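I have placed the structure first, in the form of structure tokens, so that the comments after it can refer back to it.
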Amino acid sequence: MKTNLLILFLSLSLGMISCVSSKKHKALQADYENLQKMLDTQKSKVTDCENSKMDLEKQLAKVRTDLSSANSEINKFQGQVAELEKMNKAKETEIQRIKDELRSAFSSVNAADLTITQVGDKLYVSLPNKILYRKGSQSLNKNGQAILKNLAEVFKKNDHMSIIVEGHADKSLVKTDAPYKDNLDLSTLRATNVVRYLIAQKVKQDQLTAAGRSNFEPTGQGNNVDRRIEFIISPDVTKLYELSKKK
């Protein structure tokens with residue numbers, strides 16, 4: 001009887017132990033699975049972070065490359081600006097030198113009668129016809145010849161500049177016995193005679209162009225403006241641009 005009770009007790013104990021072990025195992029299994037899921041989630045996050053890090057590193061590398069390229073372009077642009085400033089300064093120095101030589105050539109002319117104007121790379125030298133011609137005449141006077149001799153030296157020294165000599169006349173009536181048709185004819189003859197005289201002084205012919213204009217609409221600034229000789233001078237500044245291109 002005692003033996004049977006012992007067996008029964010042991011059986012119940014083993015059953016209880018087995019039941020407890022099974023529950024604990026299931027609980028542990030569930031904990032393990034939860035931890036595994038958490039680990040997988042963390043691994044996924046780590047992978048995402050690593051991918052994000054790689055993307056950011058690629059973007060950073062691209063930004064560095066773009067920045068380096070931008071800096072290179074900025075340096076190139078600054079170099080071009082510096083070169084243009086240097087070239088512009090050289091051009092202005094060259095034009096100022098020619099202005100000084102022209103003023104020296106016209107030193108005998110009253111300052112009020114002489115106008116030297118710079119427009120871009122061109123110089124406009126204007127003086128009334130009375131400086132070079134007698135009234136109504138197409139022939140140079142002695143004073144005009146002396147002035148043109150000095151001017152010829154400037155042109156010969158700067159033999160790459162081009163010069164347009166323009167004669168300007170107004171709409172005043174021409175005498176019937178005048179050796180020219182009208183004011184346009186007179187202004188053209190005067191410009192041509194200036195060019196011929198300069199050529200006689202050994203100025204290169206291909207530097208010179210003669211033109212005549214008849215200002216049928218007065219400027220309102222007086223006859224000295226409507227009746228004038230104008231030299232349109234283009235200094236040889238192109239060589240400065242070409243020197244810049246070769247660098």
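Show the residues, 5+ positions off or on another chain, whose built amide H is closer than 5 Å to the amide H of residue 212.
167
Tell me, what is the per residue accessible area of the stretch 25-73 in Å², probe radius 1.4 Å? Walk me through the numbers before you get to the answer.
Numbers: 4440 Å² over 49 residues.
Heavy-atom accessible area per residue stands at 91 Å².
Which ³J(HN,Hα) values in Hz, rounded to whole numbers, follow from the phi angles of the stretch 73-84 under the Karplus curve 6.51 cos²θ - 1.76 cosθ + 1.60, where θ = phi - 60° and Gly and Pro get x?
After applying 6.51 cos²θ - 1.76 cosθ + 1.60, I find 5, 5, 4, 5, 4, 4, x, 5, 4, 4, 5, 5 Hz.
Through the Karplus equation 6.51 cos²θ - 1.76 cosθ + 1.60, θ set to phi - 60°, convert the phi angles of the stretch 147-164 into ³J(HN,Hα) values in whole Hz; use x for Gly and Pro.
Karplus values, whole Hz, x for Gly and Pro: 5, 5, 4, 5, 5, 4, 5, 5, 5, 5, 5, 10, 6, 9, 6, 10, 10, 9.
Compare the peptides 87-97, 44-54 by average per-residue count of other Cβ atoms within 10 angstrom and give them in order, highest first.
Values: 87-97: 13.6, 44-54: 10.0.
The packing order, highest mean first, is 87-97, 44-54.
Pop out the carbon and sulfur fraction of the accessible area of the stretch 63-126 as a percent, whole number, probe 1.4 Å.
Working: 2230 of 4220 Å².
The value for the stretch 63-126 is 53 percent carbon and sulfur by accessible area.
Can you give me the long-range amide H partners of residue 141? Hydrogens built in the peptide plane at 1.01 Å from N, cutoff under 5 Å, separation of 5 or more residues or another chain.
Amide H neighbours of residue 141, under 5 Å, 5+ apart: 133, 134.
Once you place label points 7 Å from the Cα toward the Cβ at residue 139 and residue 22, how far apart are they in nm?
Reported label-point gap for residue 139 and residue 22 is 14.5 nm.
How much FRET efficiency would the formula 1/(1 + (r/R0)^6) give for residue 33 and residue 63, where r is the Cβ-Cβ distance and R0 is 45 Å, rounded to 0.05?
Values: r = 44 Å, r/R0 = 0.98.
After rounding to 0.05, the efficiency reads 0.50.
By average Cβ neighbour count within 10 Å, what is the ranking of 61-73, 111-123 from highest down?
The peptides rank, most packed first, as 111-123, 61-73.
Per residue of the stretch 199-212, in order, report the coupling 6.51 cos²θ - 1.76 cosθ + 1.60 (Karplus, θ = phi - 60°) as ³J(HN,Hα) in whole Hz, putting x for Gly and Pro.
5, 5, 8, 6, 6, 4, 5, 6, 7, 10, 9, 10, 8, x
The values are calculated or read from the model by the stated rules, or taken from the named source; none is laboratory data. Please read these numbers as outputs of a predicted model, since none were measured by experiment. Cβ coordinates were reconstructed from backbone atoms using ideal geometry, including for glycine residues, and neighbour counts include every protein chain displayed. When the accessible area is computed, the model is the full protein with side chains, heavy atoms only, and any ligands, DNA or RNA have been set aside. Shrake-Rupley method; radii C 1.70, N 1.55, O 1.52, S 1.80 Å.
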